[in-house]
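Take a look at the structure below.
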Amino acid sequence: MAKELQVLNALDVAKTQWYHFTAIVIAGMGFFTDAYDLFCISLVTKLLGRLYYYEEGSPNPGSLPSNVSAAVNSVALCGTLAGQLFFGWLGDKMGRKRVYGMTLMLMVICSIACGLSFGKNPEAVMATLCFFRFWLGFGIGGDYPLSATIMSEYANKKTRGAFIAAVFAMQGFGILAGGMAAIIVSAAFKAKYPAQAYKFDNIGSTPPEADYVWRIIVMFGAIPAALTYYWRMKMPETARYTALVAKNAKQAAADMSKVLQVELEAEQEKIDDTERGNDFGLFSAEFVSRHGLHLVGTTTTWFLLDIAFYSQNLFQKDIFTAINWIPKAKEMSALEEVFRIGRAQTLIALCSTVPGYWFTVAFIDKIGRFAIQLMGFFFMTVFMFALALPYHHWTLEANRIGFVVMYALTFFFANFGPNATTFVVPAEIFPARLRSTCHGISAAAGKAGAIVGAFGFLYAEKGFGVRNTLLTLGVVNFLGIVFTFLVPESKGRSLEEMSGEADEEHEASPEVKAAG
C-alpha cells in the first residue's frame, strides 16, 4: 500500500537537508530563466520599434505596429501553453527526469537563436524573433509541470509548500535580472555611443550599435539554463514516479537511499498489490468524480489570475509613461529609453514582486494555500478598483507616487497570493501518474489567461482606455475569489493522502491491509 511504502514514508518525514536545497536551486534556475525570457521582451519592444520602424521626418520615434507588437509580446506565451500540455503529458509517460533535460536544451538553443536573425529587413528580424520565441516558450512551458512535480515529489510533508513556492519564487529574481541586464547593457552602450534625444536628432538618437543591445539582453537568458543542465542530468528520478508509476520499488529505494543517506528496503510485493483499482485515466468517470472539481478549480483560478498578472507585467512601461514616470519617447535617445524602462521594472520587482514571493514561501505551510490565495485575490480586487475609480486623481502630478505604490501593492499581493499558490496546489492534489499532466493543464489554462491579458489589454487600452481596463481587471480578480472555493487545502497532508492513492490501495487489496 502506498501509505506503507517505506521509501515514500521516509520522504514524507525526512528532515530538511542539503538535497532539498539543491533540488530547489536546480529546479528554480529553470524558473529564473523562464521569467527572464518571458519578461525581458517588454524591455526591448520600444527599442525594436525605433530600430526597425523609423519613418523619416516623423515627430515621434518608430514604434512597432500593433499587430507586430502583439505577436512579439505574446508568441512566447502561445508556445508556453503548447509546451505545458505536451511536456506535462510526456512527464507522466516518460518520467520527470528525462523530459526535464529536453526542455532545458530547447530553452538554451532558442534563447540564443532569438538574438540572431535571418536578414536585416524588419520582416526578417521580427519573423525570426517570433519563430524562436515560440519554441523558447515551448521549452519554458515544459518547465512548469516538471519543476513543480519534481519538487513536490522530493519534498517532505511539513515544508512541501515552502519548497515548491521557493522554486516558483525564483521567477521574481528572473524578472529582476531582466531589468538589471537592461540597465547594465544600455548604460554601457550609452557611455560608449552617446546620443541626443530624438527631438534634437531624429536619426542620431538611435545609434546603429543599439541593434546589439536588444540581442545581448535576449540572449543572456541562455546562460543560467546552460549552467544547470549538468546538475539536472545528475538528479535521480523521483521515488514517487519510480515506485507508483514505473512500479520499480528496487530502483526507488536505491535512488532515495543515496539521496536521504538512509538504508531503505525495496518493497516490490506491496507495489504489485496496488496495481488493481489504481489505474483510472484522465478522461474516466472515476477521475471526474474524484478530482473533476479540483481540476476546474485549479484551471479557472490560474486562468483568471494570469489575465490580470500578465497584462500588468507586459504593460508596465505604458503605465509608467501614462503617469509620466518615464518621459515621452521623443524626449529620450533609444538607449536612454531602454535604461529607464529597465530601471522602472527593477524598482517594481525589488520593492514588491520579489518580497511577495518570499512572503508566500515563509507563510504557506503556516496559514495554508487556501487562505493565501483568497487573501491575494481579495487585495488585488481592492487595489484595482482603488486605482480605477478615481483614475483621474492618480494622473495628477502630485499623486503619481501614490499610483506607483498602489500598483506595486497589487503586484505584491499577486505574488503573496494566487500567483504562487496556483503553481503549488496542482502539484499536490492529483495522483502520481496524472500529476504532471494535470499541472500542465492547469498551467496552460493560466497561459490562456495570459494571452487574453496580453492581446486584450493591447487593444483595450487603445479603444477602452486605461481606467476601464483596470475596472475589468478588478472584476476578473473578484471572480478569482469565487473559484478559489473549489480548490482543496493540502497543507500538512501527504501527496498520497491528497490524491486518494492511499485509500485506493485499501480498497484494491484487503490482504495487504490485513497484513499492514
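The values are calculated or read from the model by the stated rules, or taken from the named source; none is laboratory data. In this text, all values refer to a predicted model and were calculated from it rather than measured experimentally. Ideal geometry is used to build each Cβ from the backbone, glycine not excepted, and the neighbour counts take in all protein chains shown. When the accessible area is computed, the model is the full protein with side chains, heavy atoms only, and any ligands, DNA or RNA have been set aside. Shrake-Rupley method; radii C 1.70, N 1.55, O 1.52, S 1.80 Å.
So here's what we get for this one:
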read-out: Charge dipole (debye, nearest 20) of region 294-450; +1 at Cβ of Lys and Arg, -1 at Cβ of Asp and Glu; value: 220
read-out: Mean Cα-pair separation over length for region 136-251, i.e. relative contact order, pairs under 8 Å, 6 or more apart, %; value: 21
read-out: P(r) weight above 29 Å for the chain, C-alpha pairs, percent; value: 51
read-out: Folded to 0 to 90 degrees: helix 466-484 orientation relative to the chain principal axis, Cα; value: 0
read-out: For region 128-256, size of Cβ-based charge dipole, Lys and Arg +1, Asp and Glu -1, in debye; value: 440
read-out: Net dipole in debye of the chain [+1 Lys, Arg Cβ; -1 Asp, Glu Cβ; about Cα centre; nearest 20]; value: 1320
read-out: Mean residue ellipticity (222 nm) of the chain, computed from DSSP H runs ≥ 4 via -39,500 (n - 2.57), nearest 500; value: -24500 deg cm²/dmol
read-out: Whole-number D in µm² s⁻¹ for region 181-226, Kirkwood Cα-pair radius fed into Stokes-Einstein, 37 °C, 0.692 mPa s; value: 282
read-out: Of every Cα-Cα pair in region 5-143, the percent that sits beyond 24 Å; value: 44
read-out: Which listed pairs, of K120/K192; K15/K93; K15/K97; K157/K447; K157/K366; K234/K258, have C-alpha distances above 20 Å, in listed order; value: K120/K192; K15/K93; K15/K97; K157/K447
read-out: Relative contact order of region 64-178, defined on C-alpha pairs under 8 angstrom at six or more residues apart (%); value: 35
read-out: Label-point gap, in nm, between K158 and E497 - each point 7 angstrom along Cα→Cβ; value: 1.4
read-out: Dipole of region 1-141 [Lys/Arg +1, Asp/Glu -1 at C-beta], most positive-end residue of L116, Y52, S42; value: L116
read-out: For region 339-418, alpha-carbon Rg relative to the globular expectation (2.2 N^0.38 Å, N residues); value: 1.20
read-out: Cα→Cβ-extended label distance, 7 Å offset, between F485 and F455, nm; value: 3.2
read-out: Top positive-direction residue, dipole computed over the chain with Cβ charges, set T33, A239, N9; value: T33
read-out: Cα centroid of region 8-54 to Cα centroid of region 71-112, whole Å; value: 13
read-out: Sequence-separation-based contact order of the chain, relative, with Cα cut under 8 Å and 6+ spacing, percent; value: 26
read-out: Alpha-carbon Rg with Dmax, taken over region 30-82, Å; value: 13.5, 45
read-out: Rounded percent of accessible protein surface that carbon and sulfur make up, the chain, 1.4 Å probe; value: 67
read-out: Percent breakdown of C-alpha pair distances by 5 Å bin, ordered from the shortest bin, for region 83-181; value: 2, 13, 17, 18, 19, 14, 8, 5, 3, 1, 0, 0
read-out: Using alpha-carbon coordinates, inclination of helix 285-314 to the longest axis of the chain, degrees; value: 20
